[in-house]
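Presented below is the structure to which this report refers.
The values are calculated or read from the model by the stated rules, or taken from the named source; none is laboratory data. As the structure is a computational prediction, the values presented were derived from the model and not from experiment. All Cβ positions, glycine included, derive from the backbone under ideal geometry; neighbour counts span all protein chains shown. Calculation scope for accessible area: heavy atoms of the full protein, side chains included, ligands and nucleic acids excluded. Shrake-Rupley method; radii C 1.70, N 1.55, O 1.52, S 1.80 Å.
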Amino acid sequence: MSDPKVLLNVTNLTVHYGAIQALRGISFEVCEGEIITLIGSNGAGKTTTLHAISNIIRKTAGAVVFDGTDISALPPDRIVASGLVQAPEGRRIFANLSVKDNLEMGAYLRKDRPAIRSDIEMVYGLFPRLKERRQQVSGTLSGGEQQMLAMGRALMSKPRLLLLDEPSMGLAPILVDEIFSIIRRISENGTTILLVEQNAFKALGLASRAYILETGQVIKTGPAKDLLKDDAVKTAYLGG
Ligand SMILES: Nc1ncnc2c1ncn2[C@@H]1O[C@H](COP(=O)(O)OP(=O)(O)O)[C@@H](O)[C@H]1O
Ligand SMILES: [Mg+2]
């Protein structure tokens with residue numbers, strides 16, 4: 001078997017907010033077809049990492065190579081158009097628009113109308129709750145439904161690599177299970193996934209490999225199944 005192809009290669013990613021150094025030279029890679037997770041506590045630098053990759057915040061140093069092309073300085077909309085798409089943390093949806101209109105906004109860079117219609121049906125297949133609520137004003141959805149809509153909207157731009165920022169945050173346990181099984185299905189449908197999570201147990205259960213982030217540094221990496229058994233990881237992230 002040939003080696004898996006590296007889809008995203010991040011090297012020495014460094015970010016400052018004013019005098020505060022939020023990322024201290026992070027390096028990792030994501031291969032085509034993988035689910036990779038970055039886990040870390042609140043404030044570890046997870047969201048900053050995704051925003052630096054998407055180039056919506058300024059990097060002090062570091063390179064981001066996507067599918068062999070250095071995209072470090074590419075404008076955010078060009079990055080999305082190239083297939084690297086972030087579903088935002090929490091609920092950054094258009095609250096005044098319907099569910100369906102939000103999904104169509106996700107396809108704003110595309111011109112293939114028939115394919116857009118069939119992709120909306122694909123999203124409804126993954127998220128039947130969104131189909132039931134397609135005419136509902138999005139601001140009135142529950143937190144979990146808004147999270148699903150944020151993910152569905154990201155899928156509408158046909159990502160090759162989907163960046164997910166804490167999709168389980170604030171959700172009831174039963175919805176967490178549902179979201180994680182949907183992430184698995186998105187992966188099985190052929191989308192590579194970089195999943196950022198505080199829920200280390202769930203994320204390690206889904207991912208093939210993981211990177212552990214502490215105060216802006218990768219302190220440990222390895223196959224997810226090994227990290228689940230790692231004593232230090234258990235103590236710090238898995239409740240002993
Ligand atoms: N806009 C900002 N201005 C100043 N500091 C920030 C800003 N955003 C994040 N930080 C700081 O950067 C660090 C990493 O934050 P963040 O990437 O949001 O962590 P995480 O997503 O892992 O919780 C934290 O110390 C946080 O306080
Ligand atoms: Mg965050």
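Label positions at Gln135 and Leu238, each projected 7 Å from the Cα along the C-beta direction, are separated by 4.9 nm.
Cross-link pairs exceeding 20 Å between alpha carbons, from the set Lys59/Lys220; Lys5/Lys234; Lys202/Lys234: Lys59/Lys220; Lys5/Lys234. Placing +1 on the Cβ of every Lys and Arg and -1 on the Cβ of every Asp and Glu, with nothing else charged, gives the chain a dipole about its Cα centre of roughly 440 debye. Just from its helices, what would the mean residue ellipticity at 222 nm be for the chain, if runs of 4 or more DSSP H residues each count -39500 (n - 2.57) and the sum is divided by every residue, rounded to the nearest 500 deg cm²/dmol? That calculation yields -10000 deg cm²/dmol at 222 nm.
For region 84-240, what is the accessible area per residue in Å², given a 1.4 Å probe and the full set of protein chains?
Per residue, region 84-240 has 46 Å² of solvent-accessible surface.
Residues with beta-carbon under 9 Å from that of Gly45, excluding Gly45: net charge, scoring Lys, Arg +1 and Asp, Glu -1? Net charge around Gly45: +1. Length gained on full extension, Asn189 to Asn12, computed as 0.36 nm times the residue gap minus the Cα-Cα distance: 60.6 nm. By the rule of a C-alpha distance below 21 Å, with chain neighbours fewer than 8 residues away ignored, the lysines paired with Lys131 are Lys100, Lys158. Here region 1-133 has 53 percent of its accessible surface on carbon and sulfur atoms, given a 1.4 Å probe and all protein chains in place.
Placing dummy labels 7 Å off each Cα toward the beta-carbon, the span from Ile219 to Tyr108 is 3.9 nm. Per residue, the average separation of C-alpha pairs within less than 8 Å and at least 6 apart gives region 96-169 a relative contact order of 45 percent.
If you take every residue apart from Leu109 with its C-beta less than 15 Å away from the C-beta of Leu109, what net charge results, scoring Lys and Arg +1 and Asp and Glu -1?
Neighbourhood net charge equals +3.
Summed over all non-identical Cα pairs, the Kirkwood treatment of the chain gives a radius of 18.2 Å. Principal axis extents of the Cα atoms in region 178-240, from largest to smallest and rounded to whole angstrom, are 34, 22, 17. About its Cα centre, region 1-117 has a charge dipole of approximately 420 debye under the convention of +1 per Lys or Arg Cβ and -1 per Asp or Glu Cβ, with nothing else charged. Entry note, region 1-51: relative contact order of 34 percent, from Cα contacts under 8 Å with a spacing of 6+ residues. Entry note, region 13-121: relative contact order of 20 percent, from Cα contacts under 8 Å with a spacing of 6+ residues. For region 1-63, a simple Cβ point-charge model (Lys and Arg +1, Asp and Glu -1, everything else neutral) yields a dipole of about 340 debye relative to the Cα centre. Stokes-Einstein diffusion for region 17-76, with the hydrodynamic radius set to the Kirkwood value over Cα pairs and evaluated at 25 °C in a medium of 0.890 mPa s, equals 192 µm²/s.
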